Amino acid sequence: MERQKLEHNGKINIAIDGPAGAGKSTIARMVAKRLGYVYVDSGAMYRAVTWHMLQLNIEPENAEKVLQEAQNLVIELIPDEQGQKVLANGADVTADIRSLTVNRIVSRYAQIEGLRVKLSSLQRQMALRKGVVMDGRDIGTHVLPDAELKIFMTATVQERARRRYAEMDASEGITLEQLEREIAERDQLDEQREFSPLVCAEDAMVLDTTSMSIEQVSDHILMLAHTTMAGRV
């Protein structure tokens, strides 16, 4: 045990799960920066795959073709001043993968079992040396089930839609009500998919952020992280 602690310098892995619009990426990025950890946005990887398949007109129903093409796709997550740059075969797609088009269809690609197996394996490799904050929908239950700290972030559909709406470009032409419906539908898809669905890990701390500020959520998770690390000494 002492040798393991020495090798990892006391660092832990933090898994942050939750539904769309819960603020996982923003919070995970802040927590990682404040701890000096590596931030891994697993959702960005699925978004990059989705963007790539859309460029090639490969529908999510054509799972065999998706998996075949995914073998030729290299996804890189590179830390930068804004938090993280996402590259797909060397091209910067950081902004492209946040489009409404990608938002609306990414869950359908994410249901493909073989794709989840491939990306989960890459994500586990990123966390081998500890000191990682990873967010997604199945991190604590499937990707990093042994993470020392697991958080399940949630908020009402209305609040999540409001947050996502505030981030969107007005030119995307969607109403707040439409966005609420789409988020609720995505929740259902994520929760009901056959392989690695969105569920709260039994040992996760549930955090309802509906009435919390970003700073309050970040501070709370940092407190939990320091408590967890202190308990391992």
| field | Residue, farthest from Gly23 (Cα to Cα), within region 174-189, restricted to residues that are modelled with pLDDT of 90 or more and of a type in the set (Val, Ile, Thr) | value | Thr175
| field | Residue ID - nearest to the chain's Cα centre (by Cα), chosen from residues in region 159-194 that are of a type in the set (A, V, I, L, M, F, W, C) and exposed (fewer than 12 other Cβ atoms within 10 Å of the Cβ) | value | Ala166
| message | Being of a type in the set (Gly, Ala, Ser) and touching a helix residue (DSSP H, G or I) at 6+ places or on another chain (Cβ under 7 Å) is true for just one of Ala44, Ala32. Which residue is that? | response | Ala44
| said: Going by what's in this entry, would Val93 be described as touching a residue at least 60 places away in the same chain (Cβ under 8 Å), in contact with a Phe, Trp or Tyr (Cβ under 6 Å, 6 or more places away or on another chain) and closer than 30 Å to Arg34 by Cα? | reply: no
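Give the residues of region 201-210 that are touching a residue at least 12 places away in the same chain (Cβ under 8 Å) and assigned to a loop (DSSP other than H, G, I, E, B), sorted by residue number.
Of everything in region 201-210, those that are touching a residue at least 12 places away in the same chain (Cβ under 8 Å) and assigned to a loop (DSSP other than H, G, I, E, B) turn out to be Ala201, Asp203, Ala204, Thr209, Thr210.
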| field | Number of the condition not met by Glu202 [criteria: (1) of a type in the set (Asp, Glu); (2) within 14 Å of Gly18 (Cα to Cα); (3) surrounded by 19 or more Cβ atoms within 10 Å (Cβ to Cβ)] | value | (3)
| Given the conditions (1) buried (at least 21 other Cβ atoms within 10 Å of the Cβ); (2) closer than 24 Å to Ser211 by Cα, which single one is not true for Ile139? | (2)
| message | Can you tell me how many residues within region 118-163 are under 15 Å from Gly43 (Cα atoms), of a type in the set (Gly, Ala, Ser) and touching a residue at least 12 places away in the same chain (Cβ under 8 Å)? | response | 3
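Within the bounds of region 182-204, is there any residue that is acidic (Asp, Glu) and more than 24 Å from Tyr46 (Cβ to Cβ)?
Yes, there is a match, as at least one residue in region 182-204 is acidic (Asp, Glu) and more than 24 Å from Tyr46 (Cβ to Cβ).
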| Residues located in region 60-93, provided they are modelled with pLDDT of 95 or more, of a type in the set (S, T, N, Q) and out of contact with any His (no Cβ under 8 Å at 6 or more places or on another chain) | Asn62, Gln68
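The values are calculated or read from the model by the stated rules, or taken from the named source; none is laboratory data. Quick caveat: nothing in here was measured; it's all calculated off a predicted structure. Backbone-built Cβ (ideal geometry, glycine too); neighbour counts: all protein chains shown.
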